[in-house]
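Undergrad: Let me give you the structure first, and then I'll get to my questions.
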Amino acid sequence: MGAVKWTLFFWCICFKVIQIEASSWTITVPSIVNGLSGSCVVIPCSYNYPDPGKNLNKFTGIWRTTGEVIYHTDTSQINKEYIKRTQLVGDLTQKNCSLKIDELKQSDEGPFDFRIEIEGYEKYSYIKNKVSIRMISALYPTVSVKEEVVESQTVSATCSVSHSCPPSPPDFTWSHSGEKQLQSRQLSDGQWEATSTLTFQPTKADHNKPLRCTVTYKGGLQRVKDSSVLKVKYAPVNVKVNYKSRVEEGEAMQLNCSSEAYPPSSYQWHNATGARLHQGESFKLPNVSRHTGSVFCTAINTEGQTKSSPVEFNVLFAPEIKTHSCSSEGDMVKCVCIVESRPSSSVRFGLSDKVLPSTKIDTHGYVSIGTLQAQSGSSEFVQCLAKNDLGSVNLTVPLSVNGKKQNTYIFIAIGAAAALVMFVITMGAVKKCRGRSGDTSDTSAMKAQETVEVSQYPSTKSSQMDNYNAHCSDICSNDPIYGNVETVFDDAIYTNI
């Protein structure tokens, strides 16, 4: 082989060796990574070197910027601006040279490069592979959840955000309680994505409300993001009937049923026995009375149905006197007047051209019971007067004489008869003393006079009051409302005569 050929062969060999060696000192780093001021950033880094053909035990990694050291195993060589702020998070023996910078500042933009020193082998600076940090504002998370859900069924929602500090990922806070899980995955160019998954069971209280996810980055900066509002399907609740505290008897009444539900409710109306009366949100009763029975509405949707409470109507009406009865004893009169009305009535009595208030009034629902005890005077009739805001009514009844007064009349008559008998006996004895002869006509005249005087006391029992008592007894006995009202006309009081 000639000299020229040997020279060319030698240079080819050297060139290949240098090429192989040079290509073996490689590094993989991004040219730019995003960083959040006040947070931390990790510059991902992996390197390679030619195979030395022997075991290597000691590696020293150095990061620099414009000739200043920002990381070194010997902290005395680190620029004071970076002391305790930089950390090699990669394992150099595994060819991982990743660097973490804490409490990132606006001045930490770089560019940075890496140098490796291998004891007993080689040293190499990757000055052509520089990486810079781009300062960004905090990123807002992305919240995802199914828009329409069903009450009490398990639902999952996710909140995701990208970041550049995998050792200290953002912290997630949800507006709703539930089970939380955190996941992380690496993106390109030194970025990572953290995802929080919330598993929960929605309630009707969540309907038309968003889920809120709050992300807190290392350093304390926060970002908040709401999901779209939830549409929670739930059966009707708070079903109630609305209507106007005031309606008068004979008026029409408009009823409206309302509820909370999703999907919205349809409505049915029923009476107390469950019979269906109407379908629709509104129901009109054309002519209400005090006897109108209770009704309720039922709200229905795809998730179920719920009934309202029964509606008891507060129908107003003018007074009606159901019972009025009076009796007297001596110069005292006792009256009872029972009145139905709503609102309750005032009850008074007319006696001897005077209007007297009730001695006592008992009210039970829309029944008022007025009682009077007063001197009767010369009155033969008593009026019951009842009045409320809607009207007034009065009823006149005769004043009856009860058994005790009748006894008085009987005792007077018996006394008078006894006096006459004694008078006759006395007169007879006197005449006998004067002589047995006498005019029998005197005796006949005396008996005639006795008969006249006794007949002057009339019977104390009135047929008119008997008829009234019978009428009152029929009314009171047939109405359960008055079952506890004392009957003032009782034939039993005459049984001891």
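Undergrad: Looking only at residues in segment 69-93 that are in a strand (DSSP E or B) and β-branched (V, I, T), which one is surrounded by the fewest Cβ atoms within 10 Å (Cβ to Cβ)?
TA: Step one: list which residues in segment 69-93 are in a strand (DSSP E or B), which gives 69-71, 86-88.
The next check asks that each one be β-branched (V, I, T); those that pass are 69-70, 86.
On the way: V69: 18, I70: 21, T86: 22.
Here the answer is V69.
Undergrad: Looking at Q254 and the list (1) open to solvent by 60 Å² or more (accessible area, probe 1.4 Å); (2) part of a loop (DSSP other than H, G, I, E, B); (3) more than 17 Å from T306 (Cβ to Cβ); (4) not small (G, A, S), which single condition is not satisfied?
TA: (2)
Undergrad: Looking at segment 60-84, I want the residues that are of a type in the set (D, E) and have a partner that is in a loop (DSSP other than H, G, I, E, B) and open to solvent by 80 Å² or more (accessible area, probe 1.4 Å) with Cβ atoms under 8 Å, at least 6 apart or on another chain. Which pairs are those?
TA: E81/S107
Undergrad: State which residue is modelled with the lowest pLDDT when the search covers only segment 239-293 and only residues that are within 16 Å of R342 (Cβ to Cβ) and in contact with an Asp or Glu (Cβ under 7 Å, 6 or more places away or on another chain).
TA: In this case the residue turns out to be R290.
Undergrad: Looking only at residues in segment 259-302 that are in contact with a Pro (Cβ under 8 Å, 6 or more places away or on another chain) and in a loop (DSSP other than H, G, I, E, B), which one is most open to solvent (accessible area, probe 1.4 Å)? Quick ask: steps written out before the conclusion?
TA: Let us first name the residues in segment 259-302 that are in contact with a Pro (Cβ under 8 Å, 6 or more places away or on another chain), namely 259-261, 265, 272, 294-296, 299-302.
So of that shortlist, the ones also in a loop (DSSP other than H, G, I, E, B) come out as 265, 272, 294, 302.
Values: S265: 26, A272: 77, S294: 20, T302: 111 Å².
It comes out as T302.
Undergrad: Would you point out the residue of segment 132-190, among those that are on the phi > 0 side of the Ramachandran plot and of a type outside the set (S, T, Y), that is surrounded by the most Cβ atoms within 10 Å (Cβ to Cβ)? It would help to see each step written out before you state the result.
TA: Taking segment 132-190 as the starting set, the residues that turn out to be on the phi > 0 side of the Ramachandran plot are 152, 178, 189-190.
So of that shortlist, the ones also of a type outside the set (S, T, Y) come out as 178, 189-190.
Details: G178: 16, D189: 14, G190: 23.
My answer is G190.
Undergrad: Pull up segment 343-375, narrow it to residues that are surrounded by fewer than 19 Cβ atoms within 10 Å (Cβ to Cβ), of a type in the set (S, T, Y) and assigned to a loop (DSSP other than H, G, I, E, B), then point me to the one that is modelled with the lowest pLDDT.
TA: S352
Undergrad: Could you go through segment 107-129 and let me know if any residue there is part of a loop (DSSP other than H, G, I, E, B), crowded, with 16+ Cβ neighbours inside 10 Å and touching a His at 6+ places or on another chain (Cβ under 8 Å).
TA: No; the residues of segment 107-129 include none that is part of a loop (DSSP other than H, G, I, E, B), crowded, with 16+ Cβ neighbours inside 10 Å and touching a His at 6+ places or on another chain (Cβ under 8 Å).
Undergrad: Which residue, of L316, L356, is of a type in the set (A, V, I, L, M, F, W, C), within 30 Å of V397 (Cβ to Cβ) and more than 43 Å from the chain's Cα centre (by Cα)? Spell out the reasoning first.
TA: Values: L316 fails: more than 43 Å from the chain's Cα centre (by Cα).
Checking each option against the conditions leaves just L356.
Undergrad: Let me ask something else about it. Might you let me know whether segment 315-322 holds any residue that is open to solvent by less than 20 Å² (accessible area, probe 1.4 Å) and more than 30 Å from S258 (Cα to Cα)?
TA: yes
The values are calculated or read from the model by the stated rules, or taken from the named source; none is laboratory data. Please read these numbers as outputs of a predicted model, since none were measured by experiment. Every residue, glycine among them, receives a Cβ derived from its backbone with ideal geometry; neighbour counts consider all protein chains shown. The area values use the complete protein model at the heavy-atom level, side chains included, leaving out ligands, DNA and RNA. Shrake-Rupley method; radii C 1.70, N 1.55, O 1.52, S 1.80 Å.
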